[in-house]
Structure formats: C-alpha cells, structure tokens
1. Starting from the stretch A:1022-1051, keep only residues that are among the acidic types (Asp, Glu), then list their pairs with residues that are surrounded by 13 or more Cβ atoms within 10 Å (Cβ to Cβ) and part of a helix (DSSP H, G or I) whose Cβ atoms are within a distance under 8 Å, requiring at least 6 positions of separation or different chains.
2. Just a yes or no: is a residue in the stretch A:490-508 under 30 Å from residue A:639 (Cβ atoms) and aliphatic (A, V, I, L, M)?
3. Given (1) of a type in the set (D, E, K, R); (2) open to solvent by 10 Å² or more (accessible area, probe 1.4 Å); (3) closer than 20 Å to residue B:168 by Cβ, identify the lone condition not met by residue B:134.
4. Output the residue which, of all residues in the stretch A:1026-1048 that are over 16 Å from residue A:1003 (Cβ atoms) and among the polar types (S, T, N, Q), is surrounded by the fewest Cβ atoms within 10 Å (Cβ to Cβ).
5. Hey, any hits in the stretch A:311-318 for a residue that's over 30 Å from residue A:364 (Cβ atoms) and either open to solvent by 20 Å² or more (accessible area, probe 1.4 Å) or at pLDDT 95 or above (or both)?
6. Mind telling me which of the residues A:845, A:839, A:835 ends up being open to solvent by 60 Å² or more (accessible area, probe 1.4 Å), at pLDDT 85 or above and over 25 Å from residue A:931 (Cβ atoms)?
7. Taking the stretch A:359-387 only, how many residues are farther than 14 Å from residue B:77 by Cα and within 14 Å of chain B (Cβ to nearest Cβ)?
8. Let me spell it out: the conditions are (1) open to solvent by 20 Å² or more (accessible area, probe 1.4 Å); (2) within 14 Å of another protein chain (Cβ to nearest Cβ), and residue A:625 meets all of them except one. Which number is the exception?
Amino acid sequence: MESDTEKKGVGTEGEEGVERVDKVEEVDVAEKADSVVEKADSAEKLAGETQVEETSAEKTSVEKTSAETPIEGTSETPVRPPPIEASSGQVNPISKAGDVNIYTKEDPETKPEDITMTSGPYKFMPLIEKIPVENISDFPESRGAIITCVEAWDLNVYVGTSAGEIIHMYRIDDELGYIQISRQRFSNSSKIRPIRKIIILPEIGKLLVLCGKTVSGYILPELTPADIGKIRDVADMTVDYDLVQLDSKGKNYTTALNHIHGDVYVNVTVFTSKSIRLVRIFDDSIRLFKDVHYLNSVTGVQRSSYAAVATLQNYDLVDVSRSQKIPLFPSSASPPDQESGPSFLPVVLPVGKKEFLMVCGGRSMEQPAVGMVVNPKGDVSRGTIPWESYPVSLTVDFPYMIAIFAGGKVSVHSLHSQREVQRMSFPSNSDIRVKSVCRVFEMKDQQLAKALTRRPIISQMTPEELEKIAIESDLAQTNLSRSSCLIYDVHGSFVKVFQPYPRPLRWIDQYTSATLQNFQKVSDEWFDELEEETSGKDSTQGQFIVSLLILLSLKFYNFNQAFDIVCTNMKYIDPRLIIYIVDGSDSKQIYGSVWQFEGLFDFIEQLRTDYTSKAAETREFMQLYMNVCTASPEAFDESDRESIMKTIEVYLLKVGLDANEDLDPVLANLKYGSREAIEILLLRKKYYSLSRFYSSLKSYEQCLYYWKGLIVGEFTDPEYDKKFPDRDRSLIMMVNYLLTNCADKESVVKSYASWLLESYPEHGFKIVTDKRAEKVEFNDVKVLHLLENGGPDLKVKYLEYMLNVKKKKQFTGDVILSILDELLELLKSDEALVSQVDSSLTKYSSLRVPRISFFDFWKLEKTKFATFADLHDRLYFYLSGIAAGTMSILDQCPVLDRCEKEILETKYGKMTPLISLMIYFRKGDNKTVVNELCDLGDYRMAEQFATTLNLPDIGKQIIRQQREPGPVDEDDKKTSEALLMVIFDVYLELKNPELIDSFLSHHHLLKDDTTANSSMIERMDKFSDILNRIPDSFPVCQLQNFLERSLSDFQDYGDTIVLTKNLYRSKDLQLKKFRGSLRDS
Amino acid sequence: MSNRRKTILKVIILGDSGVGKTSLMQQFINGKFSQQYKATIGADFLPKDMTIDDKQVTMQIWDTAGQERFQSLGVAFYRGSDCCVLVFDVTNTKSFENLQSWRDEFLIQANIKDPDNFPFVVIGNKIDVEENKRMVSAKKAQALCASLGNLPYFETSAKEAVNVEQAFDVVARCALQQEESLEYSDDYTDAVNIHVDGDNSTCGC
C-alpha cells in the first residue's frame, strides 16, 4: 500500500521537519488500516508488491545503482574490532597467504597484479572468486544485473542484485570454497526492483530484505519466506547499533534480543517518507512500536534513542525518545542547485561506539566532499575527512574509513588523524563497492599470535608455571586477524576481505616510532581505540593496549598519565611489572610469576635500562601508585594477590630504606610480606625498625629482644640513636611497653626485670613495683640483693613497697635497718648535716624552761635538712610499729639490737634523740625514755609520755598506724605514776618551782573522787610523801597552790565528814524521837 | 598526579581563505610552518594541552575552511565554542574588511546566548612581509577591535613564530573564562521540539 507522500517524492526544504510523533501501543499493525506494516499472506502478494511506483528518491537511488554509483555505505556497519592504521608509512609486514584460513583461490579476473596499493593498514584476501549475478537462462531480465548489496552470516553469503534476486552462497570447505546453493527472486518480470539492503537477525532466525521500498522477512539461512508481514514505503532500515555485539563464538555480529510477555523480538528502525518507525520483529509478526514523524528521510542510523537521519538536503539528529530534532548541516556544502539539487545520496554510518559519520558533498559527485563525525550531542567530534570527490561506497572499520571512488579507487583514512593512510587502485573499469558484514572473517597470523602470547617475564620455574606457559601458547593461537569488511565487484567477478594489519602489531610499531612530540597524540589514539574495543579491557587486545599505554607513558616519563592509567586499570596492570621496570636493580624481590605479552618484552627490558638511574623521578608516581594498590588489594586477581601485595610492600620498604625515611607508615601497613620485611630489616641492620615492626606484629618478645639489644649496644642502628639520644628515655619506654604488653607473661617480665635490676636498677625497680606486674611473683630476696647495686634508696623503696603495698610485714625489720643504714651513711658522709643537726639540738637546749616539746621543735627544724628528716621520720615511724623481738630477714638479726648498737651506743644517739627515744621505748625501757626526755629538757613530752606511756607520731608523710591508747590498767597507772614521780624528782632536783608547780598543778596526784576513808588516808600518805620529797629549803610560797589545794581538799573532806556526822546524828535523833513516840503511842 | 580528564576548551579559527589560519594552528601546536598552501577542506582540529594558572586544560583548536563553498557547514563546527579567533592577513584589505561579517556569521550560526560577552580574539597575520606590502595598519586594526567591543588584538607571523604563543595564551584564558561562566546544561541548546498536533507545519521554531 503506497502512501501519498511516496508519490510526492522527497520533500522540499520547507518540508524537511518532523511533523508528528505518535507513540503507538504494541499492536499487531496488520490490523491498522493505514499501516505500512502488513502481513504477507503469500508469495503472490509479495510479487504484487513490485507494482509499486518508485518515488523520486527511490528513482534516484535505483538510477544511481544502474549507473553504477550506488551508495552502499548507507548500509549498516557493525561496531567491530578496528583493523590497523599505518604508522607514518609503515609497511604492512603481513603477507603470508598461508596464514589465511578462509577461501584462498586466486581471483581469475582481477589478479593481484591488477591491484596497486600503497603501504598501509590493509591488504586483500580473496573470499569468493565468482558470483553468477546474471541468470539469463532462467531469468532473462537478469541480464546486465549487478550486485547491489552483500551480507554474510556464518558460512553464508547473501548477495542481492539489481534484478531483485538474492544469491545464497555457502562455504563448503577450504577446497571448494563458496558455492551457490540457491537464488531467490524478489521481483517479477513486469517490474524489477533491486535488493537494496539485507539485515540479518540470527537472534530470531530471520533475515530482513529491503527490495525496492518493501521490507519482507525470510528465514535464516535458506531464505524461506517468513510469514511476519511487510513494511512498505521504506527508504532505509537499520538496527540499533548500540545493541550490536559479537555472538558467543565471536564469529558474527548480532543485535540484542528483547522480549515482552515471553515473546522475543529485536528492534529495527525503518525510515519512510513520512516518519521514522520503530518496529519490533517478532518470530511471527512485525509490530509497530512508535512513529516519529519525519518527512522524506532517505537513510539513517539508530543508536539507542538517537537516530542520525538524512533527507536529500540535510542531516539531522533525532532524539526519538524525547521527540526532539537537532538540525545538523546540509548534505551539500555548496549552495544547492535550484532545480535539481545535489546529485548524490547522503550517507550516514555509525562510527565506533557513539558517533555518526555523515558525508557532505559539493554540487556533484565530482566535487570535493568531507566526512563529518558527529556525536550524540550533535557536535562535530573529529576533524573532517576530506575527499577529492564524493565516494560511491563507504564503510567504517574503526579506526579507519574506507571509501570507494569511481574508477576503482580506494582510499583509507584514519579517523584519528583524518589523514589518508592508504590508497588502492583497481583497474579503471572496475566497479567496486565496500561493505561491512555481520560475519567476522578470521585469518591466522603467527606474528600476532607471538606478540599476544603471555609468558612470564619474571619466572619462578614452577611446574604450574610451565603448564601455564603451554596453555598460554595454545591460547595465543586463537588470536587471529579479524575483519568484517568486504570489497566486491558489482559484476560478481570477486569478493575479497580487507585483511587488516593486526592492531596489536600496529600499536607495537607506533610504540617503537613514538617520539616526545607525538607521544600524546599516540596515547590519545590508543585511548580512543581502547574505548572502542568491542570486548572492552577484558579482551586480549584490550589488555594489550592498556599495557602498551602504561609502557608508553613510562617511556616518555609522563607520570601523570601513567598514574591515571594504572589507577583506572588496576585489574589489568600488574604492579609488579611497574616495579620491575622502575626498580630494575633488584628483580629478586618480585614475588610470584609476572606474566606479560611476549610482544612487549623488549620494550619492558628497554625501559628497565632507561630507568636504571631514574629512581628519584619515579618516586612520587610510585609512592602514590603503591599506596593506591595497598589501599585496594581486592583489585587484583585473587591468585596473584598475595604475591603482588608482598612485592609492593617489600618495594615500599626498600624505597623507604634507601631514602632513609621513617619506615613506620610502611611497616604499619605490612600484611603480606612480613617475613620478607624482617629479613630485609635484618640485612640492612635496621634493628630499631625491626623492633617496631615486631611490635606491630604483636611479637612483643621479639620487639623487646631487639630493643634490649639496641640499649645494651649489642645492635647498633643510627636511627635508634637518633630517636633515643637519652638512654633513660628508651628504658622508660621499654619498661612501659613491657608492662603494657607483656605483664601477663611472667617469664618475660621476670627476665627483663632481672636484667634491668642488674643493669639499670631504677628501671628494674619500676617493673617490680608496677601495679601491672602485681601478679608476677618476684623473688623478693633476689630483687633486694639486685637492688643493692642501685643504692640503698631503691632497696628501701622496694622494702617499703613490699611492706606497704604487698603487706609483707615480715620485711619491717629490713626496712628499718635499710633506712638506718642510709641515715647513718648520710650522717657519716655529710659533715655539714651533722653540724646542722648539732646546731639544732644546741638551739633546743638553749631554750628557756619550760620549753616546747622537742617533737614540735623537730617539726619546725627539719625543713632545714629534708633528706635527713625524711629518713629520720621514716625510721622513727617504722620503729614505732615493731615489737621488741622483730628480726631482719636479710641480716637475720634482731632489729632493735642493731639499732641500739648503731644509734644508742654511738654518737648518733644524741644526734637523733627521737630515734633513740623510740628505740628505748620499743625496748620497753620507759624510764630511760623519761630520763632521756628530761635530759633533753623536753619535760612536757616526758610528762606526756609518763602519762600516756606512748610516744607521739611524727611526719605527715608517713601513713599513720593505729597506735595504742594510753595506760588503762592498774599496772600502767602505777608505771605512769612512777614515771611521773621520776620526773617530779628531776624537777625537785632542778629546784625549778615553775616546773614543780606546773607538775603538781597538772597531774593531780592526790586527786581522788572517792570518799572512802581508806582512799583519803592514802591521799594523805601521798601528800605526806610529796611533802617529804620536797627539800626543806624549798620555798613554801612556791608550794602555795599545791598546799592550798591539797589542804583545802582535806578541809573539805573534814567538813564533809563533820556534816555527814551531824546529819547522821540528826537522823539518829529523829529516829529515836520517832521510836519514842511510837513507844508512847 | 592529576586526573586525565581535563577541561576541554573549544576554540574556532575563522577568517578568509589564505589568511594563515592553518599555519597559525600548526605553528602553535607543532611549531612548524609550511610554505605550501593547501586549502583546508571542512575543518580540522588539533588538541593542545596547556596549563593556565595551575589549571590543566586541553585546547581543541578548530581550523575551518575559509573557502566559501564550505561555509554552509559552519554551524556544525561553531557549536559549543568557547572562544573565536578572527584572523586576517595584514597584506589583504579584503580579509580585514570581512572580519566583521565573520564575527556576525559566527554569532548567528553558533547560536551564542550572550553575544555581547562572547570572547573574540583578532589576529593580524603575516607581519613578516615587507612594510610596503602591508595594507592594514595596526592602528586601523586596533580601531576596529575597539569598535567591536575592545577585542584583544595581536599581530603575528605564523611563518616566523612571532607573537603566536602570546596570542593563543590570551585565547586560552578567554576560552577558559567563557567555559567557566557557562552553566552546564544537559539539553541541546538548539534542539527543536517535534510538533505533535498533526499540523503540517515543519516545527515550532
């Protein structure tokens, strides 16, 4: 069914816009009355389609076809692995026909000598020697027919002719090559319409044929008509090139399969005179999905939601999902002829993965033309490709564009540089076309296979490695030279394959010839090709170019780029390889096998040489790269991860060591190469770092071992000396480290405590007295003996620690004797101190009586000699807490005996009166205590002692212990009174009335609250006794108070007696009277 | 280590055929000069990495065809430009007189949103010629630049590499300033919405 628009031919410029967009629901378009998609009921109906009158656009096309100038390039060009670009006139080294495993029979009509070509990325390999285009005996109308399109899939080649036939060629074997197995006629004799395009859809087992203006479906591979309907008024059709991909075998390009409710389909876009139609090809039908109204399209290419569309006048980009059009540029750069317009058809081709190519000509085919590459934003994204005339056929084989011109001329341009890289000439009478097909033809290439063979550049020679080498060698044979690009003679005299110079070999050439000036350009090209790589970085070629990119960056010392590459390709770049290059001096410390493409070995070795003296320049790059690797080990393959990480860690350590840097950051992150790091540190005598490393590994004993070695000088390490110029600081830290980390390891603590006590007693003392080591049972006697070397102070402190903290009271005696020794040593060694003490004692003696207590005086004076006072007070304190028989454990002697001997029997007894007092007191010699106090002139304390039978505490710093209270029992009272009387006698001897008076006033010797007569009599006896003690010459007036008080007491007592007597008498009288009255009554 | 993705500055060089646009670009990018004249077909571009005030940029310099027959393609190349370099030949009065039309053409075809503030740099090339062959004086050129909005003006010799670096340094700075002033937009600036009411008129613009 023809539409009106078809008859109008191509629209004028004013009609070029898209008129309307109707999103059509998923319906069977056969039901739509005005649909161009119909069910084809029969072959007769198919034949009937040929009656459709051609539009002017179609006429143009067909006429040009007849005139041998069709634009075959308007057909699709699947995205495919790019072939090769000649590098500055490089000669293609591949010329072995024997490598080719496709049909290789010599072309009888166009012999190789008839073809001239410059060096460049391609050569030709014959595919089919003869295609019988004409079939005059069966189909006379086929006389003069030419090939109008070619498509290939698997072993099939489908050749469409201008006579409306499709010739099905099939490859039998290497010997027979391709033979014709069928030819199917799509036109009847009354109206012949050319086969304009074939789209192969193997996903659904279909083949779409655009014959004239009608699209029909056929079944693969034999071309049985498929009953799915037809689409009419079609100028061109295309698959979505963003969905094109290699099939699982890598043999054919296919498009993606979709499904709806379980029904599978593929998307195809058709361009009609009225609209862009998005249709879905199902197994049993063609269904219209969406119409985007766009007038007079003649060709187009679909990429996702973008359709690059051409009318005869203009190119546009249409966003079919957002219904927007971006006008691009005219198809002719020159002002069009008012009457006829351009005499050529526009061309739209896909380029790589995201661009479109459009050809812009002059007024005629003979005038210069340019290829414009446009991205989906509508921007021209590459420089224009200039041609001397408009190409008759064109295809893109990324990164090349192959154009055919009249007269058998072939021109290959690079999409990177837009420069012509190869020219070929067929005989001038040739009428050739180029076409990219679905089939990928593969050709063996030993040079390529060798270059892509993975081998260990650093070998471990393990059986596994040897086995893998064999496997990789076999795998490398699967790296074939591939091409989907065919060139054919329209008369069927040959079909050849554009055999590309393998891209990896081209890249190798480019690497070799790259200069500082063009290296960035080469890099950019490779990035571009990497992006366009069909199978991405996971493919062998993808990994090869990634490897080459990093090598190229290193070759020209572009570390910024190198860093970007390694960071974005962590998975594909082995850091060991980079280390191998930049650290060429020591490959022994690269662990595991490092595999690389054999074709890159020479480059790598050359780089190693170049980098021999470049360590400083690579420093920042390597540091950052290694840090990135360290932070993300998961980026590497699990089987290699440990070796890689170990290599990195060892490398970082070595770099740090060479630069004499702080190794802590490196060592702190070491996870995989601990053992190796230890070996290196030992080898480099970095004992300090080794010690710290052991610490980070929680190997505390090893850490302490090396630390100790550094302290005692067993090991020397300048780094340690720098960090610890002061040994004490190191010892303090070590002790703290030991106590923090090893407190629960008794043997370790004891071992280090023993060493320290012997060598550095102060630090050993810290260990044995630290709370963290309280669970460790030290041998106290041994500790004390070891501490003796550290001076008496430490020993005393330890003894006090045991006594006060560990509550080991058995050491009290030893504490006392230690303090005593220290005190005496001090006095012996310090004459000034002795003089000061004597002076203080003299000062006290000179005080007027009654004077302050010597205890109080001591408190005031002792600030003058703090050390002595401290020892003195501690000794006094500990003496105050012992019994008479307390023994020293260490000296095995009675403590008080020793004290008596050392103090009381020497001059120091007088110098330390308080100590002497305490010794006497502890020996139970209270009378001597009193006498000593009296001798000292401390009558107040003497009286107090006599009263309480106790000496007071001194010294605030000493923990006060519970002291016994004063005398409470009768014996103590008697003792106390006896002592008081001793004092009183002293007073009397002194004839000091003040003391006597005070004594008599304070001590109430006669005081008695009882009223018992016996008591009073005793008091009187005492009174009499006191009076008798007082010499006759003693002035009575000074006894006035005592006498008045005592006599008054006695008087009161007498009065009380009299009063009581009178009261009783009165009572008696009263009772007698009462008794008398009773009797009287 | 910097990120590879740098700011791309698109710079377009316009001017009459034969004024030395390609030579200027080649001299700036490759430091080369060729005596042979070959007309540019369509447009060619070369990238140049530069550092401007510590910022890494890639200048994408588009050298367009000065010949009239390719001028209808201008719109394709002008789109998205950050700076436009207008070149004339100091020995060619006509090329100088055409500067303004090149500027106007650019502003129209490139669909510049803010034409008054779009950066242009004017270059008078071929100053290496003998003085008596010079047809456009510096004063005259400066006067034109002043009248067009105080456009920066440089006199260069692509042949002898005079002032080329300096001129393109200013071009790069102008382009960077322009690029930074533009807000990022995902939409096409000149996209045409497709008409949906069934009316046969072409489009809504």
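The values are calculated or read from the model by the stated rules, or taken from the named source; none is laboratory data. Everything quoted here is computed from the prediction, not taken from an experiment. When we count neighbours, we look across all protein chains shown, and the Cβ atoms used for this are built from the backbone with ideal geometry, even at glycine. Remember, those area values only see protein heavy atoms, side chains included, never the ligands or the DNA or RNA. Shrake-Rupley method; radii C 1.70, N 1.55, O 1.52, S 1.80 Å.
1. Correct list of pairs: A:1049/A:1019.
2. Scanning the stretch A:490-508, I find at least one residue that is under 30 Å from residue A:639 (Cβ atoms) and aliphatic (A, V, I, L, M), so the answer is yes.
3. Answer for residue B:134: the failing condition is (3).
4. Start the filter on the stretch A:1026-1048 by keeping residues that are over 16 Å from residue A:1003 (Cβ atoms), which leaves A:1028, A:1031-1038, A:1040, A:1044, A:1047-1048.
With the extra rule that they be among the polar types (S, T, N, Q), the set shrinks to A:1028, A:1033, A:1038, A:1040, A:1048.
On the way: A:1028: 9, A:1033: 6, A:1038: 17, A:1040: 11, A:1048: 10.
Filtering the stretch A:1026-1048 for residues that are over 16 Å from residue A:1003 (Cβ atoms) and among the polar types (S, T, N, Q), the one surrounded by the fewest Cβ atoms within 10 Å (Cβ to Cβ) comes out as A:1033.
5. From the stretch A:311-318, those over 30 Å from residue A:364 (Cβ atoms) are none; that's our starting set.
Checking the stretch A:311-318: not a single residue is over 30 Å from residue A:364 (Cβ atoms) and either open to solvent by 20 Å² or more (accessible area, probe 1.4 Å) or at pLDDT 95 or above (or both).
6. Values: A:845 fails: over 25 Å from residue A:931 (Cβ atoms); A:839 fails: over 25 Å from residue A:931 (Cβ atoms).
When all the criteria are applied, what remains is A:835.
7. Initial filter on the stretch A:359-387 (farther than 14 Å from residue B:77 by Cα): A:359, A:361-369, A:376, A:386-387.
Narrowing further to those that are within 14 Å of chain B (Cβ to nearest Cβ): A:359, A:361-364, A:366-369, A:376, A:386-387.
Count: 12.
8. Failing condition for residue A:625: (1).
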